[in-house]
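Structure first, commentary second.
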Amino acid sequence: MMRVYRYVLPEVREQLRYWRSIAEAIPDRELRKQAIDSMTSKQFHCEGGAVYAAANLEMRHVLIPLIVAFQTISDYLDNLCDRSTSMDPNDFRMLHQSMLDAVDPAEPLHDYYSLRAEQEDGGYLNGLVKTCQASLKLLPSYPLVADHVRQLVGLYCDLQVYKHIRHELREEALLAWWSRHESRFQAISWNEFAAATGSTLGVFMLFLAASNPSLNEDAVAPIHDAYFPYICGLHILLDYLIDQEEDEIGGDLNFCSYYRNMDQTVERIAAIVLEARNKANLLEHPAFHRMIIEGLLALYLSDPKVSKQKQVKQVSRELMKGSPLTRIFFFINSVWIRKTS
């Protein structure tokens, strides 16, 4: 945490100030609004993701700009699709081509706005993509993780397309998508798979792994298997858990709402926590990955939204039972960060 406070957070905020200055000059009013709003309301996504840079401070000059740029693309496109002037899945797919391009340094840029009315972003999205591509070229072992990164990003892009289409079509589309992957993930349900695809943590961990010039190819698949679907699934299920009330009011898709009741919600999230811990223990530097897991539980379960939802508060208490000291530390730390940020 000393590394995070001394190095990571100040440099993340410096990067965000730079991208905000670019966003403020976007010519199109709607694109400008969504770019600025995404950074205002989702700054903590970049701050949380950049924790991975604390594990290799000597490469933070590459990892922090990379993680911030990639997460900023994700948050910007999520805003564009959530509050879209379009309901065209082809438009959503074209927008998210930028994320696939961002993780492939050899890929040329595309016309990401070609299927929507808003066009002029002053080079904002292209700049983010090019920053990612340039950073990846500086990661010595990126070729070893590139296929795994593209797979995770491809699934993320699929989710963003299917969950943002017309409400009456999205569940059918998500289930059809799940049917193509179900055989590989029989220990989880369709809503847990979909939730896991919505996390960028697996991508960030692979970026971190690629920053090590001595990365062994045999170490890559276990990282993928630990993060997807378990650590990634925990990340997004906790996010949905605390957002249930506002999602119900707004008519937004919430993957926790597909559990039968709160008992099943607790049971399934607890099972995913257990599997995430077991998988983390098989990785190199297991304490780091366990810290990520306990940090996720603390971060989300300390959110002020929890205390305002009676059932979610009960779930939180169950999940925090037997809480290790690490999680208690992060719980207190998360409360403090919210008060000071």
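The values are calculated or read from the model by the stated rules, or taken from the named source; none is laboratory data. Quick caveat, the model's predicted, so the values are computed rather than measured. Don't worry about glycine lacking a Cβ; one is built from the backbone with ideal geometry, like all the others, and counts go over all protein chains shown. Surface areas here come from the heavy atoms of the whole protein model, side chains and all, with no ligands, DNA or RNA. Shrake-Rupley method; radii C 1.70, N 1.55, O 1.52, S 1.80 Å.
Among the protein heavy atoms of the chain, carbon and sulfur supply 51% of the accessible surface, probe 1.4 Å, non-protein parts ignored.
Secondary-structure-derived ellipticity at 222 nm for the chain, considering helices only, amounts to -21000 deg cm²/dmol, per-run term -39500 (n - 2.57) for DSSP H runs with n ≥ 4. At 37 °C and 0.692 mPa s, grab the translational diffusion coefficient of the stretch 1-139 from Stokes-Einstein with a Kirkwood Rh over Cα pairs, rounded to a whole number in µm² per second. The estimated diffusion coefficient comes to 215 µm²/s. One way to sum up the overall shape of the stretch 64-214 is the equivalent ellipsoid from its Cα gyration tensor, whose semi-axes run 25, 22, 11 Å, largest first.
If only the Cβ of Lys and Arg carry +1 and only the Cβ of Asp and Glu carry -1, the dipole of the chain around its Cα centre is close to 1160 debye. Full extension of the chain segment joining L169 with E246 gains 25.6 nm, where the gain is 0.36 nm per residue of separation less the Cα-Cα distance.
With loop defined by DSSP as not H, G, I, E or B, and exposure as at most 16 other Cβ atoms within 10 Å, which is the longest segment of the chain clear of exposed trypsin sites (Lys or Arg not before Pro)?
That would be 1-82.
Rg/Rh for the stretch 14-89 stands at 1.04; both radii use Cα atoms, and Rh follows the Kirkwood definition. Other residues whose C-beta falls under 12 angstrom from the C-beta of Y227 contribute a net charge of -1, scoring Lys and Arg +1 and Asp and Glu -1. Rounded to two decimals, the Cα-based Rg/Rh of the chain, with Kirkwood Rh, is 0.93.
Please identify the DSSP H helices in the chain that span no less than 24 Å along the helix axis (Cα) and have a mean Kyte-Doolittle hydropathy of 0.5 or more.
60-82
Using a 1.4 angstrom probe, figure out how much accessible area the stretch 42-81 has per residue, in square angstrom, rounded to the nearest whole.
About 24 Å² of surface per residue is accessible.
Excluding M94 itself, calculate the net charge of residues whose Cβ lies under 12 Å from the Cβ of M94, where each Lys or Arg counts +1 and each Asp or Glu counts -1. It works out to a net charge of -2.
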